[in-house]
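Down below is the structure, laid out as structure tokens.
The values are calculated or read from the model by the stated rules, or taken from the named source; none is laboratory data. Owing to the predicted nature of the structure, the values given are computational and were not obtained by experimental measurement. Here Cβ is always computed from backbone atoms with ideal geometry, including for glycine, and neighbour counts include all displayed protein chains. These area figures cover heavy atoms from the full protein model, side chains too; ligands, DNA and RNA do not enter into them. Shrake-Rupley method; radii C 1.70, N 1.55, O 1.52, S 1.80 Å.
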Amino acid sequence: GKSPIMIGSFLELKERNIVKGQGLIVVKASLKMQWEKEVSKFSHYKAKAIKTYADICSYNNTQIKKLKKELKNTSPTDTENRSILIDKINQQEEKAMIKFNSQFDDIDLIIVNYETLLDEKVFEKLDSLNLEFIACDEIHYCKSRNAARSKALYKLNKAKIKIGATATPITKD
């Protein structure tokens with residue numbers, strides 16, 4: 001019942017023009033793919049599970065490391081080769097950022113797990129999107145205000161609508 005209610009909330013808010021942009025769904029890592037399916041099952045919206053920069057750009061990062069090692073081993077007087085290597089590094093970094101940023105394009109609901117929120121590049125991208133809707137499944141994962149997961153969610157403070165849901169009884173210790 002939680003999934004259709006949260007998806008339905010986003011649907012209703014979009015239809016009433018209360019929320020205009022993309023929405024964010026935060027879930028346990030093991031549920032990201034299930035949530036993608038749930039969004040398509042209960043709505044006409046497109047959803048995508050987002051990967052961290054390191055996960056999506058691992059090939060580019062490997063190439064960058066190799067090029068930097070090669071640059072380090074190149075003589076400082078060999079300016080031509082150094083310039084070529086620096087250009088190649090810049091090209092790989094640009095390709096990596098394009099690949100990373102493109103996963104946020106052409107989707108209505110962004111799905112991340114709580115740990116992904118702690119990734120600096122993911123957080124910066126989400127913050128730049130000015131999300132108006134955030135729904136957190138298994139909100140009990142944010143056990144206290146001081147927990148890293150909680151702090152990351154608190155920093156996404158521009159959202160008009162924030163929903164937290166859990167089927168786990170919450171106790172105060």
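Of the heavy-atom accessible surface of the chain (probe 1.4 angstrom), what whole percent is carbon and sulfur?
Working: 5220 of 10400 Å².
So the carbon and sulfur contribution to the accessible surface is 50 percent.
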Equivalent-ellipsoid semi-axes of the chain, from the Cα gyration tensor, Å, largest first: 38, 18, 13
Computed helical MRE - 222 nm, the chain, DSSP H runs ≥ 4 contributing -39500 (n - 2.57), nearest 500: -15500 deg cm²/dmol
By average C-beta atoms within 10 angstrom, highest first, the peptides 30-40, 143-153: 30-40, 143-153
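Test of understanding: what is the full-extension gain from Asn130 to Glu70, defined as 0.36 nm times their sequence separation minus their Cα-Cα distance? Kindly include the intermediate steps, with their values, before the conclusion.
Working: separation 60, 0.36 × 60 = 21.60 nm, distance 4.00 nm.
Stretched out fully, the Asn130 to Glu70 stretch lengthens by 17.6 nm.
Which net charge results for the neighbourhood of Lys51, defined as the other residues with beta-carbon distances under 11 angstrom from its beta-carbon, given Lys and Arg at +1 and Asp and Glu at -1? Display every interim value, and only then the final one.
Values: positive: Lys32, Lys48, Lys99, Lys121; negative: Asp55, Asp119.
Net of charged neighbours comes to +2.
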Alpha-carbon spread of region 1-78, three principal axes, descending order, Å: 64, 28, 17
Å² per residue, accessible surface of the chain at 1.4 Å: 60
Over region 1-141, relative contact order from alpha-carbon pairs under 8 Å, at least 6 apart, %: 45
